[in-house]
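Colleague: One structure follows; several queries about it will come next.
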Amino acid sequence: MHDLLKTWDALGSPRLLVLGDLILDRYTWGDAERVSPEAPVLVLRADAHEARLGGAASVAGLLRALDAEVVLAGVVGDDASGRVLRQLLAEAGIDDRLVLCDAQRPTTTKERFIGRAAGRHPHQILRVDEEVCDPLGGDLPQQLADGILARLPEFQAVLISDYAKGVCRTGANGETPIDGTRPAAANPRSDLLQTVIRAAANCGIPVIVDPARGSDCSGYRGATVLKPNRIEAELASGVPIGSAQDAIRAGDRLCAQLGVPAVVITLDREGMVLCQPGQPGELFPTRPRAVYDITGAGDMALALFGLALAYATNPAPRNFYAALPVAVRLANVAAGLEVERLGVSPITRREIRGELLAERGAEGGKIVTLDEMVSLAARYRQRGKTIVFTNGCFDLLHVGHLACLRQAARRGDVLVVAINSDDSVRQLKGPGRPVIPAGDRAALVAALDCVDHVLIFSEPTPHALLRRIRPDLLVKGGTTQEIVGRELVESYGGQVSRTDPFGDVSTTQLIGRTLAGKPGGAGVLPANAVENQA
């Protein structure tokens, strides 16, 4: 997980091309409060309307939220929805100079009606689509190809998002799937996808494809990575997928049929399978999620693949095959965050970094910096977790510390322990302390199962930490006379409490008994105590 964090921090802001079907997603929100007397249907009392980027435009928007530079290529209609979509692209900072207008077709639009039962728990109750899925007409395919090829050297990766709406040509002999299974009549025009894929290969630019649902993926031949979901992989490979091993068989078959270096099959809650020619397939499981809406998970995974593989292959080729597992793991994390939200919602780099930190903590890497803890706290709050904070020197960890930490952990979901630095311990306890250096003290506390995160601070009080982390609960040991930071935590609505007292035990007493009969006398720690202990 440490290497994953290092890679994430090093990704930079690559320039990416996203090619595919552009969709405008409209949302109407309201309360589904009764059944109509006119027909057995719900009545939605609308109170909000929203427009979002969808399809390939969604992938572009997700990439912009992740600080990538994005150029979008596709087609919109000469209509109000097309103008709204362009306005959203401009607001997101997405270059739309390769977005062409086709006056003969409408802008693909999906309108979703979201009803809240009893004022909460929103659910989609109806979707209305406006679209034409016929192949692009006239010279639009050639215009797109010419525009892309002229700018291709700008890009570190090309992402193809095929929703089978007519822009992407995925069938044999230039055929384009209409409904995901039935191809249109053969069209003699040059194949847009193959033109782009071959040109990108000649330039050493990776091409990652999120395919349309259908049995023929020959139009993606020569791409770098094919990323179908379970159903798409079943249809394309002819292999029913009921397990990870089935998915590996399907992926291996697609690698052989299409000549692609890698196939990644997304398996919803099971994770993702990575297949490469000549290599054993591998399942990358994802952790359990509270799935709120699967919309956008595939787009987010595609965006992460583009971001990660752009870094892996540019500006100088790195080890591409070593980068694939990293890309899969990052895509797993980002897609997991996306399904916890309603609709396609951008996720920031900071949020993904916070998730990576949380997973690192779960794997044992609990010691974090203050900035990292702030990111983690934001992530925990978004999940509705209660953050508990406590602090102290924790010099010579003893049973009293353990009792206090266990009680604190039981009062919330996440326990954060702040440990005084060596300098601040000396200011508080005298020149002979600490007996154990801060790094070792942090490691000992982090080893406790009840502790989620540990950080070291050098200030005499934890006020600066409390201001930034804003824990829900500040807890101190039952023998503490004054709880430092109480007024700050209570000022923003947090709570403060003490743990139950645990006998008459303290680090100072333990050190005193250990040094009984030595210079300084019982209970007195001489200035050279650390050297004496050595």
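Just so you know, all these numbers are worked out from the coordinates, no wet-lab data involved. Since this is a predicted model, take the numbers as computed values, not measurements. When we count neighbours, we look across all protein chains shown, and the Cβ atoms used for this are built from the backbone with ideal geometry, even at glycine.
Colleague: Quick check on region 401-443: take the gyration tensor over C-alpha atoms, sort the square-rooted eigenvalues as a ≥ b ≥ c, and tell me if it's rounded (a/c under 1.5), prolate or oblate.
Modeller: Note, shape of region 401-443 comes out prolate.
Colleague: A follow-up question, please. In whole Hz, what ³J(HN,Hα) sequence does region 452-463 give by Karplus (6.51, -1.76, 1.60; θ = phi - 60°), x for Gly and Pro?
Modeller: Rounded to whole hertz, the list is 9, 8, 10, 9, 9, 10, 10, 6, x, 10, x, 4.
Colleague: Report the gain in length on full extension from His463 to Leu370: 0.36 nm times residue separation, minus Cα-Cα distance, nm rounded to one decimal.
Modeller: Details: separation 93, 0.36 × 93 = 33.48 nm, distance 1.25 nm.
That pair, His463 and Leu370, stretches by 32.2 nm at full extension.
Colleague: Need the C-alpha centroid separation for region 126-147 versus region 411-474, integer Å.
Modeller: Rounded to whole Å, the Cα centres lie 59 Å apart.
Colleague: With each label point set 7 Å from Cα along the Cα-Cβ vector, what nm distance links Arg410 and Asp129?
Modeller: 5.4 nm
Colleague: Then there is this: Peptides 244-257, 131-144, 39-52, 482-495: what's the order by average Cβ count within 10 Å, highest mean first?
Modeller: So the peptides 244-257, 131-144, 39-52, 482-495, ranked by packing, come out 244-257, 131-144, 482-495, 39-52.
Colleague: Per-residue counts of other Cβ atoms within 10 Å, averaged by peptide: what ranking do you get for 428-436, 232-240, highest first? Could you put the intermediate results ahead of the total?
Modeller: Details: 428-436: 18.6, 232-240: 20.8.
Output ranking for 428-436, 232-240: 232-240, 428-436.
Colleague: Relative to the present Cα-Cα distance, how much length would full extension add between Ala90 and Glu490 at 0.36 nm per residue of separation?
Modeller: Taking Ala90 through Glu490 to full extension adds about 139.7 nm, to one decimal.
Colleague: Considering amide H positions built from the backbone, and no H for Pro or chain starts, which residues 5 or more places from Val99, or on another chain, come under 5 Å of its amide H?
Modeller: Result for Val99 returns Gly74.
Colleague: Compute the Cα gyration tensor for region 21-91, then decide on rounded, prolate or oblate, letting a ≥ b ≥ c be the square roots of its eigenvalues: rounded whenever a/c is under 1.5, prolate when a/b is larger than b/c in the other cases, and oblate in all that remain.
Modeller: The shape class here is prolate.
Colleague: Hey, for a label at Gln104 modelled as a point 7 Å past Cα toward Cβ, could you say which residues of region 55-79 have their backbone N under 14 Å away?
Modeller: Counting backbone N atoms under 14 Å from the label point, the list is 77-78.
Colleague: Return the long-range amide H neighbours of Leu126 (sequence gap of 5 or more, or a different chain), with a cut-off of under 5 Å between placed amide H atoms.
Modeller: Excluding prolines and chain starts, which carry no amide H, the hits are Phe113.
Colleague: Then there is this: Quick check on region 35-163: of the DSSP beta bridges with both residues there, what percent are antiparallel, nearest 5%?
Modeller: On the way: 10 of 16 bridges.
Within region 35-163, antiparallel bridges account for around 60 percent of the total.
Colleague: Under the classification rounded if a/c is under 1.5, otherwise prolate if a/b is larger than b/c and oblate if not, where does region 409-469 fall, given a ≥ b ≥ c as square roots of the Cα gyration tensor eigenvalues?
Modeller: Oblate.
Colleague: What per residue convex hull volume, in Å³, comes out for region 66-171 when only alpha-carbon positions are used? Intermediate results must be reported in sequence, preceding the final value.
Modeller: On the way: hull volume 16.1 nm³, N = 106.
Spread over its residues, the Cα hull of region 66-171 gives 151 Å³ apiece.
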